[in-house]
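Presented below is the structure to which this report refers.
The values are calculated or read from the model by the stated rules, or taken from the named source; none is laboratory data. The model shown is predicted, which means the values in this text are computed figures rather than measured ones. In this analysis, Cβ positions are derived from the backbone assuming ideal geometry, glycine residues included, and neighbour counts consider all displayed protein chains. To get the accessible areas, we keep the full protein, side chains included, count just its heavy atoms, and leave off ligands, DNA and RNA. Shrake-Rupley method; radii C 1.70, N 1.55, O 1.52, S 1.80 Å.
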Amino acid sequence: MEGLLHLRDRSLGWGDRTVLPDLSLSVRQGERVALLGRSGVGKSTLLAALADAAGNAALVPQDHGLVGPLSVFHNVWMGRLDEFGALRNLATLVWPRAAQRAQVEEVLDRVGLSGLGRRPVAELSGGQRQRVALARALLRGGAVVLADEPVSALDPAQGADLLGAVADRFDTAVVVLHDAALARAFATRIIGLRDGAVVLDAAPPQVSDADLADLYR
């Protein structure tokens, strides 16, 4: 079976630099994949390629993709902009409806940002901005979420809670993580990258501490 997300014999990189040559990878519906590996190994590059393959997916980029001067509400509501026309979106920018604010407040409550809907994103901490980006993805929903280090600014307990919200909301997920313990708890499949290739692809119970250490040597 080809899978919900599929890459075949793709060489991935940026500019004229290839970091992942001749890569083939499938992600099946219902899998929660954690991407692990050293900085610069190509995790974000692989995630971007999967995003292109996914088409309509909820995205949580590493830089959050937020607009600082706009409110938390408006940044979260951006997850649904493509569902409506330009006039409706302009009206929401000027005067959001009570029902829209209620929908956003529900996901803000889930990520621990209750009551902050009217605050400009520029006034938030790094951890709060990560939560806003996750709230936007939760509001958008869909079959798959692709997230690049979505809980790196949070402590392990907070990170585990928010990854639980991701697992509850999305049937399929591909998430870049830097915390091996969180990856083991969240994922049904761990993919490790090293030296331009996938060197680890297994279910968490089959991944040893030595396997993980080898990714970062």
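Details
- Meets criteria (of a type in the set (Gly, Ala, Ser) and either under 23 Å from residue 144 (Cα atoms) or at pLDDT below 90 (or both)) for residue 44: yes
- Region 188-202, residues that are loosely packed, with under 15 Cβ neighbours inside 10 Å, under 22 Å from residue 145 (Cα atoms) and more than 20 Å from the chain's Cα centre (by Cα): 202
- First in region 189-217 and over 16 Å from residue 40 (Cα atoms) and in contact (Cβ under 8 Å) with a residue 12 or more places away in the chain, second anywhere and open to solvent by less than 30 Å² (accessible area, probe 1.4 Å) and assigned to a helix (DSSP H, G or I), Cβ under 7 Å, 6 or more apart: 190/183; 190/204; 200/215
- When we screen 185, 143, 160, 167 for residues that are open to solvent by 10 Å² or more (accessible area, probe 1.4 Å) and either among the aromatic types (Phe, Trp, Tyr) or over 24 Å from residue 65 (Cα atoms) (or both), the only hit is 185.
- Checking residue 56 against (1) in a helix (DSSP H, G or I); (2) open to solvent by 30 Å² or more (accessible area, probe 1.4 Å); (3) under 21 Å from residue 171 (Cβ atoms), the condition it does not meet: (1)
- Exactly one residue among 18, 45 is part of a helix (DSSP H, G or I) and open to solvent by 20 Å² or more (accessible area, probe 1.4 Å), and that residue is 45.
- Residues of region 84-121 satisfying the condition of being within 21 Å of residue 165 (Cβ to Cβ) and open to solvent by less than 50 Å² (accessible area, probe 1.4 Å): 100, 104, 107, 108, 111, 113, 116, 117, 121
- The single condition among (1) closer than 21 Å to residue 142 by Cα; (2) more than 20 Å from the chain's Cα centre (by Cα); (3) polar (S, T, N, Q) that residue 62 does not satisfy is (2).
- Taken over region 76-130, the criterion of being of a type in the set (Val, Ile, Thr) and under 20 Å from residue 65 (Cα atoms) is satisfied by 76, 92, 104, 107, 111, 121.
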